[in-house]
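Worksheet for the structure shown next.
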């Protein structure tokens, strides 16, 4: 199966989650292409799509939102999954549930959305982002759980494999 993994990442942490998803899919025999959302011109050659984004100030990054909008009406017959990576210590909190996700899951008929904890390096953030982080009381550091990422990606690999038959 041909799978597109497209990830919007501002500082690289969410990109690394996408790379981990791609590695699991490859280990399970799928052909995987990893691209930034702005580099995705066409999805016709893909059987499945995994679209992810870092979450800043309660929203996906603009490039991921734009690709999601461009995919509406173009994913018929394709399996779609979404993921987010946000405030490092709040994986299930509202701060890690972007406002646009519910509508995007429905519009793309996605099989689900998963939030993952992220990496927080305050030195890389703008003043506004640091203020938001302070209000959320998030802790700096790398809080990503790659075992959870791998388990989620294994589930995707298992679910898409029957589509090969």
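Worth a mention:
- Given (i) 21.9, 71; (ii) 16.2, 63; (iii) 15.3, 51, the label whose value is Rg and Dmax of the Cα atoms in Å derived from this model: (iii)
- The modelled label-to-label distance for the pair residue 38/residue 140, using points 7 Å beyond Cα in the direction of Cβ, is 2.8 nm.
- Rounded to the nearest 10 degrees, the angle from helix 13-27 to the longest Cα principal axis of the chain is 30 degrees.
- Potential extension, residue 99-residue 26 segment - 0.36 nm per residue separation minus Cα distance: 23.2 nm
- When both bridge partners sit in the chain, DSSP labels roughly 15% of those beta bridges antiparallel.
- Calculated [θ] (222 nm, deg cm²/dmol) that DSSP helices of n ≥ 4 give over the chain, each run adding -39,500 (n - 2.57): -10500 deg cm²/dmol
- Note on residue 158/residue 57: beta-carbon distance plugged into 1/(1 + (r/R0)^6) with R0 of 30 Å gives a FRET efficiency of 0.30.
- Tilt relative to the chain, helix 62-71 - C-alpha long axis, 0 to 90 degrees, to 10: 20
- Once both labels are positioned 7 Å from their Cα atoms along Cα-to-Cβ, the gap between residue 109 and residue 127 label points is 4.8 nm.
Quick note: the coordinates plus some simple rules give every number you see, no bench work behind them. This one's a predicted model, so the numbers in the text were calculated from it and none came from an experiment. Neighbour counts are summed over all protein chains in view; Cβ atoms, including those assigned to glycine, are modelled from backbone coordinates with ideal geometry.
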